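Read through the structure below, which is laid out as structure tokens, and then see the notes.
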Amino acid sequence: MGDSQTALYCLIVSVLSNIGLDVLFVAVFRWGVAGSAWATALAQALSAVVAAVLLFHKYPMMRMRRQDLRLHGKLLRQITVLAIPIAVQSVFNNLGNLVAQSAVNLFGEATMAAYTAASRIGTLALMPVETIGSSLSVYASQNHGAGKPQRIRQGVRASLQLSLVVSTVLGVFLLLCGRQMTGLFLAEPSAEILTVVQRFLLITAVPGILAGVMQVYQQVLRGVDRANQALMGGVMQLITKIAVVAVGAWGMWNLDVVWLGWPASFVAGTVIPYFCFQKIVREIETE
């Protein structure tokens, strides 16, 4: 509904309660892994309750009524048609990560530890550009419903510019502080681990604008009700990542080639959504 500020409050509640319950269940009650799992589940449940209360308080029209409990076949079909491609694409992303993990495991325990730390640092660096893409999806859908395709183009340009600025700043930060951040995840990282982390971040996270461009065009397609075209980009992303990672791990035995699977997949995942978006906007403008 465009109210990202309230959604942020719900996330803050989840994060703070998760941290507090982690300390209570793990450090105080000594429940170990089970305590950490319970902390996460309870924190998410609390966040859901807070979100529901705030939603119904700020937007009375969203409160449940008796007539809302009946099944709306047409709406269910519309939501399902939109949701299935997004769900499948999420499965593809996780499948690509599984293949990458199995390839990294071939290079030994030190590389596995380095990959675990580096992937978490890289995720923090790529998350902002992914969020920009998600915001654009909502923006594009609002303007698509209002019949304003020109504003959608403007939103895409603004999102690309913002992604470039954010990814540049984060890329510089990773180059300067990436090795130091490894200490947040590993107590005493060796020189070998630090080298692997630095190479991973340099090749996968520093060129974060590639991920930003991909997210912009895939998310804008979802916003204009073209989730299947976005899924096609996800398919190309998965195929490219698996192919490059496989060549690097099982063909060339070269970690740098394995890491190239990330930027290569970002480029591959952009091509089809980019041309689909250009075609769709032209069609909307001529209607």
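The values are calculated or read from the model by the stated rules, or taken from the named source; none is laboratory data. Fair warning: this is a prediction, and the values are worked out from it, not measured in the lab. So basically every Cβ, Gly included, is an ideal-geometry build from the backbone, and we count neighbours across all protein chains shown. All accessible areas refer to the heavy atoms of the entire protein, side chains included, with ligands and DNA or RNA removed. Shrake-Rupley method; radii C 1.70, N 1.55, O 1.52, S 1.80 Å.
Take THR182 and tell me if it is part of a helix (DSSP H, G or I) and either closer than 19 Å to LEU124 by Cα or in contact with a strand residue (DSSP E or B) (Cβ under 9 Å, 6 or more places away or on another chain) (or both).
Values: part of a helix (DSSP H, G or I): yes; either closer than 19 Å to LEU124 by Cα or in contact with a strand residue (DSSP E or B) (Cβ under 9 Å, 6 or more places away or on another chain) (or both): yes.
Considered against the rule, which asks whether it is part of a helix (DSSP H, G or I) and either closer than 19 Å to LEU124 by Cα or in contact with a strand residue (DSSP E or B) (Cβ under 9 Å, 6 or more places away or on another chain) (or both), THR182 comes out as yes.
Is it the case that some residue within segment 219-231 is under 20 Å from PHE266 (Cβ atoms), part of a helix (DSSP H, G or I) and of a type in the set (Val, Ile, Thr)?
Yes: one or more hits.
Report the residue count in segment 17-54 for those that are among the aromatic types (Phe, Trp, Tyr) and either modelled with pLDDT under 95 or not in a helix (DSSP H, G or I) (or both). Steps first, please.
Taking segment 17-54 as the starting set, the residues that turn out to be among the aromatic types (Phe, Trp, Tyr) are 25, 29, 31, 38.
Subsequent filtering for residues that are either modelled with pLDDT under 95 or not in a helix (DSSP H, G or I) (or both) retains 29, 31.
Number satisfying all stated conditions: 2.
Evaluate segment 127-148: report whether one residue or more is more than 20 Å from the chain's Cα centre (by Cα) and open to solvent by less than 40 Å² (accessible area, probe 1.4 Å). Please lay out each step first, then the result.
So the first thing to find is which residues in segment 127-148 are more than 20 Å from the chain's Cα centre (by Cα), and the list is 142-148.
Narrowing the set further to residues that are open to solvent by less than 40 Å² (accessible area, probe 1.4 Å) leaves 143.
Within segment 127-148, one or more residues are more than 20 Å from the chain's Cα centre (by Cα) and open to solvent by less than 40 Å² (accessible area, probe 1.4 Å).
Can you tell me which residue in segment 254-275 is farthest from LEU136 (Cα to Cα), limited to those that are open to solvent by 30 Å² or more (accessible area, probe 1.4 Å) and in contact (Cβ under 8 Å) with a residue 24 or more places away in the chain? Reasoning before the result, please.
Of all residues in segment 254-275, those open to solvent by 30 Å² or more (accessible area, probe 1.4 Å) come to 254-256, 260, 264, 267, 271-272, 274-275.
Narrowing the set further to residues that are in contact (Cβ under 8 Å) with a residue 24 or more places away in the chain leaves 255-256, 260, 264, 267, 271-272, 274.
Details: LEU255: 34, ASP256: 33, LEU260: 27, ALA264: 23, VAL267: 19, VAL271: 18, ILE272: 18, TYR274: 15 Å.
Result: LEU255.
Considering every residue within segment 19-42, establish whether at least one is within 30 Å of GLN218 (Cα to Cα) and not hydroxyl-bearing (Ser, Thr, Tyr).
No: zero hits.
Considering segment 159-214 alone, what residues qualify as being open to solvent by 50 Å² or more (accessible area, probe 1.4 Å) and in contact with a Phe, Trp or Tyr (Cβ under 9 Å, 6 or more places away or on another chain)?
Listed by number, the residues that qualify are ARG199, LEU202, LEU210.
Could you tell me how many of the residues in segment 78-121 are of a type outside the set (A, V, I, L, M, F, W, C), within 30 Å of ARG226 (Cβ to Cβ) and open to solvent by 30 Å² or more (accessible area, probe 1.4 Å)?
Quick first cut of segment 78-121, residues of a type outside the set (A, V, I, L, M, F, W, C) only: 78, 80, 85, 89-90, 93-94, 96-97, 101-102, 105, 108-109, 111, 115-116, 119-120.
From the residues that got through so far, the ones that are within 30 Å of ARG226 (Cβ to Cβ) too are 78, 80, 85, 89-90, 93-94, 96-97.
Those still in the list that are open to solvent by 30 Å² or more (accessible area, probe 1.4 Å) too: 78, 80, 90, 93-94, 97.
Residues that pass the stated criteria total 6.
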